[in-house]
Amino acid sequence: MSKRFINNIKNLKFKPFDNYGKVVNGMSWHKISYDKKNGGFGTYFLKMEPGAKSLFHKHKGFEEFLVIDGELKDADGKIFKKGDFVTYLPGSKHNSFTKNGCLLLVFMRGINKQINKI
């Protein structure tokens, strides 16, 4: 018999987002398979409350996400909307902001590194 876990979007239990060692205000996550100790690979839901802003960071590996609800504005002004699937290549740097809040399904392939904006 196969082992599996089922996550229903209606029943997710979010915890404060602390992937960089400290809680980021207005952000919370529900880990599915994400494991920081194992190289930062896996999947999680990320909820950003209205006005939340991610920390500026650099991608060591690919990061991809699906916008499930709301909108997210990237540092370069590009707006991601519900249904958009976004891919960041290794080495890319950015942060994001949401005016009205959003829910993302994130697929990580490597730990992001917090950096100072250049």
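Given the range 65-118, what strands (runs of 3 or more DSSP E) lie entirely inside it while holding 2 or more residues that are touching a residue at least 40 places away in the same chain (Cβ under 8 Å)?
It comes to 102-109, 112-114.
What residue, among those in the range 34-59 that are assigned to a loop (DSSP other than H, G, I, E, B) and either among the acidic types (Asp, Glu) or modelled with pLDDT of 95 or more (or both), is surrounded by the most Cβ atoms within 10 Å (Cβ to Cβ)?
Across the range 34-59, the extreme among qualifying residues is ALA52.
Test ASN25 against the stated conditions and say whether it is free of Cβ contacts under 8 Å to residues at least 40 places away in the same chain and within 13 Å of MET108 (Cα to Cα).
no
Mind listing just one residue for me: the one in the range 16-33 that is surrounded by 17 or more Cβ atoms within 10 Å (Cβ to Cβ) and of a type in the set (Gly, Ala, Ser) and, of those, farthest from PHE97 (Cα to Cα)?
Looking at the filtered set, the residue picked out is SER28.
If I ask for residues that are at pLDDT 90 or above, over 17 Å from ILE32 (Cβ atoms) and among the hydrophobic types (A, V, I, L, M, F, W, C), which ones from the range 90-118 would you list?
PHE97, CYS102 - these are the residues of the range 90-118 that are at pLDDT 90 or above, over 17 Å from ILE32 (Cβ atoms) and among the hydrophobic types (A, V, I, L, M, F, W, C).
Please determine, by comparing only the residues of the range 11-33 that are in a strand (DSSP E or B) and under 12 Å from the mean Cα position of the chain (by Cα), which one is nearest to LYS93 (Cα to Cα).
That would be MET27.
So, LYS13, is that one surrounded by fewer than 16 Cβ atoms within 10 Å (Cβ to Cβ) and in contact (Cβ under 8 Å) with a residue 12 or more places away in the chain or not?
yes
So GLU63 fits all but one of (1) acidic (Asp, Glu); (2) farther than 14 Å from ASN112 by Cβ; (3) in contact with a strand residue (DSSP E or B) (Cβ under 6 Å, 6 or more places away or on another chain); what number is the exception?
So GLU63 meets the others, but not (2).
The values are calculated or read from the model by the stated rules, or taken from the named source; none is laboratory data. Predicted, not measured: the structure shown is a model, and the values here were computed from it. Positions of Cβ are backbone-derived with ideal geometry, glycine not excepted, and every protein chain shown enters the neighbour counts.
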